[in-house]
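Take a look at the structure set out below.
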Amino acid sequence: MIIAIDGPAASGKGTMARMLADHYDLAHLDTGALYRGVAWQVLQQGGDPADAETALNAAQNLSISGISGPELRTPEVAAAASIVAAMEPVRAAILQVQRDFAHQPKGAVLDGRDIGTVVCPEADVKLFITASVEERARRRHAELVAGGKDVTFEGVLADLQERDARDSSRAVSPLTQAEDAHLLDTTKLSIEAAFKRACDLIETHSQEGVRH
Ligand code: DC
């Protein structure tokens, strides 16, 4: 079973993806971490994330096992990731890695911006998870403060608005809800309630699959 989860930054899609992967015993790929990994490599080398050649070179040398760690979770890396993610050659360079991951024997859960629309349009279940930008900024601000970062709510809100605009308006694979994705707005939902709804949708889907 392939579960595709898309949504804007800090919508809760990563938490949801991890919970679903645990629950259904599936592997999970946070595809945002791939773009963050590319951005991080560029920044590490003192490069400019807006330079297409540098970004492509980093994308071509990205290893899927090297994409975890707190160094990827900084506002600087997030902003640079959003810049490299708007480049078509960078996206093309990491498309197959994502598809191969999704098509492992048991399937997988992938979360990102274009999973249901581009990476896995054939996914068994698609969820589009969103929340108001203020609520997302509140969550991200709390997360960063808990991690010891010195950030203001206004700064986090402005960063998210800028990233939302760039991720949604870019020419290649913009953030959009797939036609057959289920919308889950978590603005007023706890993660437990959102998770329960997602499981209900997945189980309904599985039962329909058995009937057909
Ligand atoms: O989900 P995130 O904040 O870790 O994503 C980092 C950046 O990568 C974000 O600005 C959008 C981009 N991204 C993308 O374009 N496509 C994906 N499938 C996942 C992330």
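The values are calculated or read from the model by the stated rules, or taken from the named source; none is laboratory data. Since we're looking at a predicted model, the values are computed, not measured. All Cβ positions, glycine included, derive from the backbone under ideal geometry; neighbour counts span all protein chains shown.
Can you pull out every residue in the stretch 145-192 that is free of Cβ contacts under 8 Å to residues at least 24 places away in the same chain, within 22 Å of A81 (Cα to Cα) and acidic (D, E)? Correct list: D150, E154.
For the stretch 17-44, give me each residue that is within 12 Å of the ligand (Cβ to nearest atom) and touching a strand residue (DSSP E or B) at 6+ places or on another chain (Cβ under 7 Å). Those that are within 12 Å of the ligand (Cβ to nearest atom) and touching a strand residue (DSSP E or B) at 6+ places or on another chain (Cβ under 7 Å): A17, L29, D30, T31, G32. In the stretch 1-23, the residues that are on the phi > 0 side of the Ramachandran plot form Cβ pairs under 6 Å with partners that are within 14 Å of the ligand (Cβ to nearest atom), at six or more places apart or across chains, as follows: G7/K13; G7/F128; G7/I129; G7/T130; A10/R136; A10/R139; A10/R140; G12/I129. When the residues of the stretch 45-70 are filtered to those that are hydroxyl-bearing (S, T, Y), over 17 Å from Q104 (Cα atoms) and away from the ligand (no atom under 13 Å from the Cβ), the one that is surrounded by the fewest Cβ atoms within 10 Å (Cβ to Cβ) is S63. If you go through the stretch 99-126 and keep only what is charged (D, E, K, R) and either within 14 Å of the chain's Cα centre (by Cα) or crowded, with 19+ Cβ neighbours inside 10 Å (or both), you end up with D111, R113, D114, K126. Contact map, the stretch 98-125: residues that are polar (S, T, N, Q) paired with residues that are surrounded by fewer than 22 Cβ atoms within 10 Å (Cβ to Cβ), Cβ distance under 8 Å, separation 6+ or inter-chain. Pairs shown: Q104/A27; T117/S173; T117/T176; T117/A178. Going through (1) out of contact with any helix residue (DSSP H, G or I) (no Cβ under 6 Å at 6 or more places or on another chain); (2) modelled with pLDDT of 95 or more one by one, K149 falls short only on (2). Only residues that are away from the ligand (no atom under 12 Å from the Cβ) and under 14 Å from K13 (Cα atoms) were counted in the stretch 138-182, giving 4. Looking across the stretch 87-98, just one residue is within 8 Å of the ligand (Cβ to nearest atom) and either surrounded by fewer than 21 Cβ atoms within 10 Å (Cβ to Cβ) or basic (K, R) (or both), and that is R91.
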